[in-house]
Every structure is written in C-alpha cells, then in structure tokens.
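Read the structure below first, then the notes.
Derivation of every value follows stated rules applied to the coordinates shown; laboratory data play no part. None of these values were measured; they are calculated from a predicted model. All Cβ positions, even for glycine, are placed from backbone atoms using ideal geometry, and neighbour counts span all protein chains on display.
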Amino acid sequence: MFNTIAAISTPPGKGGVAIIRISGADVCEITERVFRPASGRRLSDYPARTQVYGYIIYNNERIDDGLATVFPAPHSYTGEDVCEISCHGGSLVSATVLEAVFAAGAVPAESGEFTRRAFINGRLSLTDAEAIGSLLDAKSREEMRLGAEPARTRLRTKIGEIRTAITTLLGSIYARIDYPDEDLGDFTEEQTLAELVKIRELLNRLIDSYKTGRAITEGISAVICGKPNVGKSTIYNLILDEEAAIVTSIPGTTRDLLEKTVPLGRVLLRLTDTAGIRSEGADTVEKIGIERSREKIAAAELIIAVFDLSRELDREDEDLLLLLKEARGAKICILNKADGAEKLDTGRLNCDFDATIRTSARDGGDEALRHLTEVVDRLFTDEKISTSTDAVVSSARQHSSLLRAREFIDAAITAYSVGMPADAASSDIELALGAIGELDGRSVSESVVGDIFSRFCVGK
C-alpha cells in the first residue's frame, strides 16, 4: 500500500487561493486532524465532492479558514481517496497548512506522483500523462490543444483501435494454428494479409502525425543569420513581437547569441539571433560570438538568412552563402530594406532556398511575418492534420514505439506474402502488440515511467 502523500498544487507565491492536495488510503483520517467544519460536524459526514467550509488547525491553533473537498476512490484524479484543502494564498500560510498535513501523517509527494498514481491505478494511460505534462508546459495555444482532454481521447482511441485489430487478428491466427482441421478463426490467409495491411495503414497515419506534433510541442531549432547590420535583430524582434534585441546602425551590435522560444503559426520555434558573420574588424568578444553563430547555423533545423537589398553582395555575404550550402536545415531567404534602391544582385544568391521573402521597415514587416508563418507551417507541419479533430503523436517515445510496431507488422506481411508458416508470422505480430503496449504504458519499463513523471511539478 502506498503512503498518503500531500503537496501544494498551486503555483508558489502570493495569490488569492492555494490548494493542498492529499491522496492515499488515510486521507479522511489525516484531513480530519487538521480541518474542522464550521458546522461542528465531521468532514466524513458530508457527501462526496462537497465543498465544506471550516477551520485549519495546527498545534491546537486555528491558523486559517478555508474549504475542504473529499473525492473518494476510485472516482478521483489519482484513483485513490483524495482531499483538497483550499486556504488563503500566501506563501507562508500555504506552507504552514502543508506542514500541518505532514504532522498529521502524510508524506511529501515527489515530482509528478499524483499523476503517476493515476497511471498506476488505471485512471490515465501513459500517453495521457505525457499530454498532461505537455499541457502544463504549453507555450502556445496549439500545444494546449494537443494536451487537452479531447486530443488525449482521440489518441487513446486510435491506439485502442490498433491494439484491438492486432489482438483480434492474433486470436484468429492462433485458432487456425491450434485447430487446423476445423473451420476456426475469423480470417483466411488472404484476409489475414489484408488485415495486416490495414493495421500498417493505421500505424502510418499516427507515425506521419509526429512531424506536426513534434513541431508544436518540442519545437524546431531556428537561427536568424546574416552579415552585420542587415536587420537580423529587427527580424528577431518582429517574430517575437517585442524589443528583445538591441537594434542600431552600428555593425556588430549583437555580439553573442540571443535565444527565445516563441510560437510562429502552429510551430514552436527555439529561435536564436546570431552575431553578424564577418571576417574582418571584429574584436575578440565578437569573434567568439561569430564562431558560436557558425555552430548554430550548422545544427539548426531552420535557417532564416537575412540579406540587405540596399547593398551590393560582398565577401561577407558570400561567406554566409558557403555556410548555408553546407547546412542541413531548411532555408528561408529574407531580403530586407526593400523600400529603397536595390543594389543587391539576387541572382548571385546561389543557394537552394525553400522560400524568399521581401520586407522593409517602412511596411512594418506584417506582410513578411504572415508569409514567413505560412512557409514555416508548410515546411514543418502537415496542413492536412488538424489538432482539433485528428489523433496526433507528439513525443519521441510514442513515435519510436509506433515505428517498432510498424517494423514488426512489415515483417509479418513479408512472411505471409512469401508463404511462411502462420506461427512464424504470428511471432512478429506479437512483438507489434508489445510495442503498442509500450506506447500506452501497458508493458513499458519502470525507468521510462520514472523519467516521464520526473518532469512534472510536485503538486501534479
């Protein structure tokens, strides 16, 4: 039996209300040692899920007044008996109430332990838990949408559909193997092969959704680069919609990397504004920044290269183009200062850019930002996938399990196609079912479970 755990479930600091969450077999006994209803009745005398007003007691002293609500097992977040005490939201007040709960017999909750218990007690699948973690860390509305309950249900349902299809198919195969002289099993050999192809298609749809899910939740590493004084920091500020980088006409103003995470359309960008690439005139500090810029360009998944239309192409531009040719990321060309005389020969920008966008300070950059958003969405998400209606995979762990399941299904398809015995093919199908079990947590290792829940806050 698990200990009864407790933690503050609201953010630290001063606020209107703080919530202390308690979960475990001894919830009622522990809570009644610290909470006394103002009516004089016992908390256990009230119906479940009823907010009860009363007083919080510690060392026989009334330290606060508030509300207590009991959620009996199994109909609670963790699947255990749970009580939530709402007190005033001062840091010292909430800490003292939690101290009183510990003194009454509870123990401190570890990071993510409430959600972990919900998983252990069958209230959540592992994919549900990962989505909740994403919801807590959400940096965009799209990421919030993927972590919300409707999206969790869609993914859980799709995984269940695949598991049911594999289980039904295995049952039919086993029946035909065990009773070869009887007409048992739902599928003939030809139908079994057709069912395997259908299962592979279901897996492919989920696997393909990861491109979009990853871009929304994990984000894409992106850099803004160019020679000094072409407007990199202006573009950086435009994307962030804030004055995060200093903008001056002095070359070398940005001497080190500036990094922020920002949503752009559906994509989350881990965006870096780099020091201007130049070979002459840089001091020691700027040279270090330039070398870091080169490293970032080489590693980035998206490179936004800025060129100045009002200046002729020079050696520094050419050095950047050489870097871009060697870089593996997607490349977008920003032609800045398009509101004046154009001296740059754009035909000499001999790089395979995925898109070219013109902008200027005069138009405020709104049209360029709209175009940039559309291009980034096209490059890193699937426009056919809707986070409001489709099941979307968003974690590398889930993606890896699906890839393994597809690998085993492909092996089974090959086995049936070349006429191998059914029992040989069935072993690959069993392995595929195991991979699906890892996906939702049915057969995942304890170390994987521990890693997932260690990322949660203590009160969740």
Mind giving me the FRET efficiency for A355 and E259? R0 is 30 Å, r the Cβ-Cβ distance, nearest 0.05 is fine.
-> 0.80
Exposure proxy check: V93, V223, V70 ranked by fewest other beta carbons within 10 Å?
-> V93, V70, V223
Once Kirkwood radius over Cα pairs in Å is worked out from the coordinates, which option in (i) 23.1; (ii) 26.4; (iii) 24.2 does it equal?
-> (ii)
Return the long-range amide H neighbours of G89 (sequence gap of 5 or more, or a different chain), with a cut-off of under 5 Å between placed amide H atoms.
-> G15, V17, A18
Add -39500 (n - 2.57) for each DSSP H run of 4 or more in the chain, then divide by its residues: what number comes out at 222 nm, to the nearest 500 deg cm²/dmol?
-> -14500 deg cm²/dmol
Electrostatic dipole magnitude of the chain [Cβ: Lys, Arg +1; Asp, Glu -1; Cα centre; debye, to 20] | 1160 debye
Quickly work out the K14-to-A396 label distance, labels modelled 7 Å from Cα along the C-beta direction, and quote it in nm with one decimal.
-> 4.2 nm
R205 to E407: FRET efficiency via 1/(1 + (r/R0)^6), r the Cβ-Cβ distance, R0 22 Å, to the nearest 0.05?
-> 0.85
Over the chain, what is the mean sequence separation of C-alpha contacts under 8 Å (at least six apart), divided by residue count, expressed as relative contact order in percent?
-> 16 percent
Report relative contact order for the range 5-109 in percent, whole number only (criteria: Cα-Cα under 8 Å, sequence separation at least 6).
-> 36 percent
In order over the range 2-7: 3J(HN,Hα) from phi, Karplus 6.51/-1.76/1.60, θ = phi - 60°, whole Hz, x for each Gly or Pro, gives 6, 5, 7, 10, 8, 6
Selection from L431, G66, Q191 lying farthest towards where the dipole of the chain points positive, charges on Cβ | G66
Once amide H atoms are placed 1.01 Å from N in the peptide plane, what residues at a sequence separation of 5 or more from Y58, or on another chain, have their amide H within under 5 Å of its amide H?
-> I63
Mind listing the long-range amide H neighbours of I334? Cut-off is under 5 Å, sequence gap 5 or more, other chains count too, H placed in the peptide plane at 1.01 Å from N.
-> A305, V306, F307, I357
